[in-house]
Amino acid sequence: ADTGIDVLYHAMEAYVSKGANRFSDLIAMEAIQLVVANLETVLADGSNLEARSNMAWASTLAGLAIDIAGTVTIHAAAHPISGHFNKPHGQTLAAISVAYLRNNYMANPIKFAGLAELLGSQANKLNTTELAAQSPVALQNFLRRVGRDITLSSLGVTEDYIDQLVADTFKTMAGALGNNPQPVTPADVAQIYRESL
């Protein structure tokens, strides 16, 4: 589950990043669709070779996507959590990603609306901004289905650690922060951490 959702975040982040282009979008979108369609099956039945092959292909595509377009604040803010608390990378990504989407979807409503649909939201009569606002809900629903709708508190993080985590995010992951679809300040990262507790 942790490795499978890391694939999802590689693709998601490449899709919304400032470095995205038409080619990276194509492969990121396919990777997201493959993870959404196959990860639950793999977790329920590890012997399902078709689903596992689809996840392997998704991982390949997502790796190409981040090689082209890079990652954003989700990865940047997740790495210090893993370092300080010795938690799996996929879990630290999951714990902060819903708050990230809530705080960033207005940076590019078209992309985040597309992400919401890729994650399972129905457009219905929603306008682009309304659909973009559904992206955190769609992501949380998916995380719930794969057993990774978790909080930072469940990983041992408390309010006392936030300043250190923010400082380490900017010290070690400035490149990913610079690739975010909107400018990122220490206060922005602290807000994501606090909302994720």
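The values are calculated or read from the model by the stated rules, or taken from the named source; none is laboratory data. The model shown is predicted, which means the values in this text are computed figures rather than measured ones. We place every Cβ from the backbone using ideal geometry, glycine too, and count neighbours over all the protein chains shown. Surface areas here come from the heavy atoms of the whole protein model, side chains and all, with no ligands, DNA or RNA. Shrake-Rupley method; radii C 1.70, N 1.55, O 1.52, S 1.80 Å.
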Determine the principal axes of the Cα atoms in the range 82-121, then give the extent along each, sorted from largest to smallest and rounded to whole angstroms. 36, 20, 11
In whole Å, largest first, the alpha carbons of the range 82-197 cover along the principal axes 43, 31, 20
Expected-Rg normalisation [2.2 N^0.38 Å, Cα atoms] applied to the chain: 0.96
P(r) tail for the range 38-108, what percent of Cα pairs lie past 21 Å? 46 percent
To the nearest 20 debye, the chain has a Cα-centred charge dipole, built from +1 on Lys and Arg Cβ and -1 on Asp and Glu Cβ, of 240 debye
Label R194 and N124 with points 7 Å out from Cα along Cα→Cβ: what is the distance between them in nm? 3.2 nm
Peptide ranges 175-184, 60-69 listed from the most packed, as the mean C-beta count within 10 angstrom indicates: 60-69, 175-184
When the accessible area of the chain is computed with all protein chains present and a 1.4 Å probe, what percentage of it is carbon and sulfur? 51 percent
MRE, 222 nm, helices only [DSSP H, n ≥ 4, -39500 (n - 2.57), over the chain, to nearest 500]: -22500 deg cm²/dmol
Could you check which residue among Q140, Q91, Q122 shows the biggest mean-square fluctuation in a GNM of the chain with a 10 Å Cα cutoff? Q122
